[in-house]
1. Under 6 Å between Cβ atoms, at least 6 apart or on separate chains: pull out the pairs that start in the range 52-76 with a residue that is closer than 16 Å to Arg15 by Cβ and end on any residue that is among the charged types (D, E, K, R) and surrounded by 15 or more Cβ atoms within 10 Å (Cβ to Cβ).
2. Being closer than 15 Å to Ala65 by Cβ and among the hydrophobic types (A, V, I, L, M, F, W, C) is the filter here, so list the residues in the range 13-38 that pass it.
3. Could you check how many residues of the range 1-28 are under 15 Å from Ala44 (Cα atoms) and either touching a strand residue (DSSP E or B) at 6+ places or on another chain (Cβ under 8 Å) or small (Gly, Ala, Ser) (or both)?
Amino acid sequence: MNHLHAHELLTLNLRRLTEQSYTPLTVVADRAGIDRRELFAVLAGEQEADLDWLFKLADGLGVRASELVRDPDDDK
C-alpha cells in the first residue's frame, strides 16, 4: 500500500470514476445530495467525511462505497 491519506484515495478514485463515466463532480454532488462546497473541501483535505457521507457519494456515482477508497496499487 502506498500510504495515501483517505482524502487522497478518495480524490484519485473519484476522478477515475467520474472520468470513466464523463460525469462532472458537480453533477455527482447533486445526485448524492451533497453540498458542492463540502465535496470540494473533503477532496482538498480541508474537511473530514463520515461513513454516511461516503455512502451518499457512492450512491450518487452508482458504485459501491469501497470503490471510493480502494488502493490504486491493488490493480498492479
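1. Gly60/Arg31
2. Leu14, Leu17, Val28, Ala32, Ile34
3. Selection size over the range 1-28: 1.
The numbers here are math on the coordinates, done by the rules we state, and not lab data. Not measured: the values here are computed from a predicted model. We place every Cβ from the backbone using ideal geometry, glycine too, and count neighbours over all the protein chains shown.
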